[in-house]
Amino acid sequence: MNIENKEQSVLMDDARDVMQRAAALPEMKLQAAVSRGAAKGRKQRMRRRYSYSLGAAAAVLAFLFVWTYVQQTENDVTAGVVHTSDPAGWVGFQPFMGAHDPTLALALKNQLVKPVYQSGEKGGVRLDVTGAVTDGRKLYILISLHNNTDQSIYITPRSLTYGGVKVDGFGAELGEGGSTSDADPGKTGYLTFSANLIPGAKYGSEANFAVNVYKEAGGDPSTLDVTFDLDLNMLQDRIQTYKAEQPLTVKGQKIQIEQVTYTPLNSYVDLNYDKHNQEQIFELIYPVLKGADEGRSERLGYVSSDMHYNRLIYSKPLYDMTLVFKPSQLKQRDQAEFAVAGISALDKDQSELVVDLSQEKIMKAPELANAQFSIESESTGNREDAFLFKVHSPLASSYGKGIELSDTYTDAEGSGHKLGGGGSIAGHNSKGDMTYEQTSVFGKDAQKLPQPLTIGIKWLWNPLTEAQSVQLHPEK
């Protein structure tokens, strides 16, 4: 349904404000983020995102920071680890009260975290699980790392199983627990771990968290694990679910709001894009959850300005996307709705790039007024006879860039290939506007493949503004 004129004006003003603030982001912040991502070592001061699996050989961190770790068998995790359960002398949650994650910080403030007090110790290193909390969508673990060795150490997550089910590491995060996460000799570091849980999965109640322990002197890591009980439904009596009886339609494109779930940790909007849509939708512009009850009203925005916090694409195949909003302060709702100011989308026929390396020519590209596409050969360094594909576009939206290409491509015969390492850089154009440039590397053998080559577009900022909303109703 259409939003009332006054409400539409407010929504559009808010949307423009968000876009302007994002576009005005100082270049130095972007450069600082890249520098932090490239820095290695135990003194690193940033949240660490990665994907892990039992058979994986590398962990991919935020800002292109790669942390490699060795493959190990399942038996390696518990070999030589001494497990204990003794709350005596534990410091409680106080060292974690400065947690950087806004959701966890609020959970600690509202006393939602359950004490655990389980330990695993080996080789002078003890891993404590002090507490944990979950709402069935997100899981947070508070951990302390006690270093009783003569070397500095750091850890990387190895695996998390919950009720015997391996939890996918996509979007998982290891972050600072408070004032320090260092683990110098004789010291204790405080860290937090979070992971996304798949809606409806049968996880059970027993969790096992395992880490790799690295020493400053190098060498293969050792492993530590802790097993503890955590009820998946520990907050169930405080969770409410709402439904939309009709799709949200923006610029003729249908978005089905499958359900909205209000929990004490977050508010989640599960949605699917209609497969018959003509446009490929990349992002909803300024989505907001509204509610009202007994004279009180609220507008819930995203949890964080960091877009990665606010979208859980792990939900597939159930949902195309799950958006994460701040928790509601209303106990009940007389009215509830989900509203947007528009979508970022592109005709599906334009959502790919086609290049012919034999001619060094771009055969097909999206028809965007502000984006420039180019291809050039390079014969320097270790990229001899490589081909660089560049996209130059305005810096827009809170995602922090204008376009993101797939890391794979297909040749003329339909075979898939991996793009080589590229990079990105932020800058200014002649008018002083922020710009973003992404470079992808084909490699020297790509020219020998059947031409042309096709690259998909993973994300694109192409705003189509139209304020729309849909009413929400309690699930019966």
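The values are calculated or read from the model by the stated rules, or taken from the named source; none is laboratory data. Bear in mind that the values here come from a model prediction, so they are computed numbers and not experimental data. With ideal geometry, Cβ positions are generated from the backbone for all residues, glycine too; neighbour counts draw on all protein chains shown.
Does Ser267 count as small (Gly, Ala, Ser), modelled with pLDDT under 90 and under 24 Å from Met234 (Cβ atoms)? If you could, list the steps in order and put the result at the bottom.
Numbers: small (Gly, Ala, Ser): yes; modelled with pLDDT under 90: no; under 24 Å from Met234 (Cβ atoms): yes.
So Ser267 fails the test.
Which residues, taken from the stretch 245-263, are touching an Asp or Glu at 6+ places or on another chain (Cβ under 8 Å) and crowded, with 16+ Cβ neighbours inside 10 Å?
Pro247, Val250, Gln253, Lys254, Ile255, Gln256, Ile257, Glu258, Gln259, Val260, Thr261, Thr263, listed by residue number.
Exactly one of (1) closer than 24 Å to Pro327 by Cβ; (2) surrounded by fewer than 18 Cβ atoms within 10 Å (Cβ to Cβ); (3) of a type in the set (Lys, Arg) is unmet by Lys166. Its number?
Exception for Lys166: condition (1).
So which of Gln259, Gln246 ends up being in a strand (DSSP E or B) and over 20 Å from the mean Cα position of the chain (by Cα)?
On the way: Gln246 fails: in a strand (DSSP E or B).
Unique residue meeting the criteria: Gln259.
Consider only pairs whose beta carbons are under 6 Å apart and that are at least six residues apart or on different chains; among these, list those whose first residue lies in the stretch 457-476 and is free of Cβ contacts under 8 Å to residues at least 12 places away in the same chain and whose second residue is assigned to a strand (DSSP E or B) and crowded, with 19+ Cβ neighbours inside 10 Å.
Once the first residue is free of Cβ contacts under 8 Å to residues at least 12 places away in the same chain and sits in the stretch 457-476, no partner that is assigned to a strand (DSSP E or B) and crowded, with 19+ Cβ neighbours inside 10 Å comes close enough.
Say we look at the stretch 299-324 and pick out the residues that are surrounded by fewer than 18 Cβ atoms within 10 Å (Cβ to Cβ) and at pLDDT 85 or above; which of these is nearest to Gly342 (Cα to Cα)?
Gly301
Return the pair list, or none, for Cβ contacts closer than 6 Å from residues in the stretch 265-277 that are over 17 Å from Gln253 (Cβ atoms) to residues that are in a loop (DSSP other than H, G, I, E, B) and among the hydrophobic types (A, V, I, L, M, F, W, C), at least 6 apart or on different chains.
If the second residue must be in a loop (DSSP other than H, G, I, E, B) and among the hydrophobic types (A, V, I, L, M, F, W, C), no pairs are left.
For the stretch 123-152, what are the residues that are buried (at least 20 other Cβ atoms within 10 Å of the Cβ) and part of a loop (DSSP other than H, G, I, E, B)?
Selection gives Asp135, Gly136, Arg137.
Which members of the stretch 455-471 meet the condition of being of a type in the set (A, V, I, L, M), more than 22 Å from the chain's Cα centre (by Cα) and over 14 Å from Ile255 (Cα atoms)?
Of everything in the stretch 455-471, those that are of a type in the set (A, V, I, L, M), more than 22 Å from the chain's Cα centre (by Cα) and over 14 Å from Ile255 (Cα atoms) turn out to be Ile455, Leu464.
Kindly indicate which of Lys254, Lys243 is of a type in the set (Lys, Arg), over 27 Å from Gly164 (Cα atoms) and without any contact (Cβ under 8 Å) to a residue 24 or more places away in the chain.
Working: Lys243 fails: without any contact (Cβ under 8 Å) to a residue 24 or more places away in the chain.
The conditions single out Lys254.
Taking Leu232 as meeting all but one of (1) in contact with a Phe, Trp or Tyr (Cβ under 9 Å, 6 or more places away or on another chain); (2) part of a strand (DSSP E or B); (3) touching a residue at least 60 places away in the same chain (Cβ under 8 Å), write down the number of the exception.
Of (1) in contact with a Phe, Trp or Tyr (Cβ under 9 Å, 6 or more places away or on another chain); (2) part of a strand (DSSP E or B); (3) touching a residue at least 60 places away in the same chain (Cβ under 8 Å), only one is false for Leu232: (2).
Considering the stretch 220-229 alone, what residues qualify as being among the acidic types (Asp, Glu) and in a loop (DSSP other than H, G, I, E, B)?
Here is the first cut: in the stretch 220-229, the ones among the acidic types (Asp, Glu) are 220, 225, 229.
Asp220, the sole residue that qualifies.
Please specify each residue of the stretch 195-206 satisfying the condition of being at pLDDT 90 or above and under 22 Å from the mean Cα position of the chain (by Cα).
Result: no residue meets the conditions.
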